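Student: Let me give you the structure first, and then I'll get to my questions.
Please treat every number below as a calculation from the coordinates, not as lab data. None of the values given here were measured: they were computed from a predicted structure. Virtual Cβ from ideal backbone geometry, glycine too; neighbours counted across all protein chains shown.
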Amino acid sequence: MSVRSDVLLWAQRVVARKAAPAYQILEIAAGSGLDVAQEAFHKIARMAHPDLHRTGLTPAELELVTTAYARAAAAYQEIRSEKLLTSRMRPIQGLGSDPALVPPTTLIPTSPAPRHAVPQPVHQPVNPAQAMSSKALLYYRKAELGLRRGDLTGAVLQLKMAIASDPLSQFLRSALAEVESEVGKKP
């Protein structure tokens, strides 16, 4: 088979998998590590990057290859963001966050009261997004985005900007400390 036919067959397979998980698009085993996903994507890029085939394909074929390559790149980014999202900094629930990445709302700890104790009021869930200013929330969201991209120093900068916007937020200070500790671990 020629390179052209290999690329076209690959593109047809990828485009046919409309709602397939990222691992299937990259044609790797589910649960594979970031190294395996990166290797698979780089192999795809060496074989099927649209710039490699601009002169050898018809416009319709080039569109097919470009669409398939875009799906493969998106699948790789999805896996990459899953693996690089630090578990130390949790996304804030609500306000359009991806529910798959959001932990349950943090509850204020309560201890079981003894039978003879005065009843305590029921604690409501704490949502840090409601407790910080809108400007601080904007910077926090940018920090989350930086973490998904693997840009720890950018996330630190955005968290410092968030703290400057809302200096009393303990949530932001603890998030900054956690991300800075991650930066300190990097070689």
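Student: Given the alpha-carbon gyration tensor of the range 128-185, what are the semi-axes of its equivalent ellipsoid in whole angstrom, ordered largest first, with each equal to the square root of 5 times an eigenvalue?
Tutor: On the way: eigenvalues 65, 28, 14 Å².
Semi-axes (√(5λ), whole Å): 18, 12, 8.
Student: On to the next question. Taking the Cα-to-Cβ direction at ARG149 and at LEU62 and moving 7 Å from each Cα, how far apart do the two end points lie in nm?
Tutor: So the two model labels end up 2.9 nm from each other.
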